[in-house]
1. Along Cα→Cβ, 7 Å out, is where each label goes; now give me the distance between the ones at residue 156 and residue 75 in nm to one decimal.
2. To the nearest 10 degrees, how steep is helix 105-155 against the longest Cα principal axis of the chain, on a 0 to 90 scale?
3. Listing 19, 157, 141 from the residue with the fewest other Cβ atoms within 10 Å to the one with the most, what is the order?
4. Only four residue types carry charge here, +1 at the Cβ of Lys and Arg and -1 at the Cβ of Asp and Glu. Report the dipole size of the stretch 8-105 about the Cα centre in Debye, rounded to the nearest 20.
5. Determine which lysines satisfy two conditions relative to residue 137: a Cα distance under 19 Å, and not lying fewer than 8 residues away in the same chain.
Amino acid sequence: MTEEHSNIKDTRKNIISFRADDYVLREGENSEVMFKILSGNAEVYLSYGTENETLLGILGKGACFGEFGLLLHEKAPYTVKAYSDLILYCVTEDKIDEFIRENHVNILQIMKSMAGTMMLMQSHINQLSIELDEKTKVNKRILANNKEMLKRYIYNR
């Protein structure tokens, strides 16, 4: 969780609040907490603040995010901002069993979310691969043209 937010914590109940436009999670940030939205809405972005910024969606009550950090101890693959005032339940590793027992309907949603994120990442990898191939082809043509020009220069001397 980023330190820039204006939040209210209730550590006894693992509840945290954010105001609209606060950052909850930043792409690339270390976080070992998963969040369940109790009220409000959150925006989920890839490449937030860059020319490649992509809004993945707006999450509402009952939705979970941050599962990569909790389950895989991986950096956040996306940025999450509070779209409106937001109240979240924080799930830490020591609370995961309790969360699963009390929120078993969320497990399928979490799995679908992770699968969707993996598919989106694969799509980005494929697009980058295509762009790299195109640039490689252009570079090879430029190199071939330069070699040809150099040969003509040497022979015309």
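All of the numbers you see were taken from the coordinates with simple rules; none came from a lab. Given the structure is predicted, the values throughout are model-derived calculations rather than measurements. Methodologically, a virtual Cβ is constructed for each residue, glycine included, from the backbone with ideal geometry; neighbour enumeration extends over all protein chains shown.
1. Result for the modelled spin labels: 5.1 nm.
2. In the chain, helix 105-155 runs at an angle near 10 degrees to the longest axis.
3. 157, 141, 19
4. 340 debye
5. Here the lysines satisfying the reach criterion relative to residue 137 are 147.
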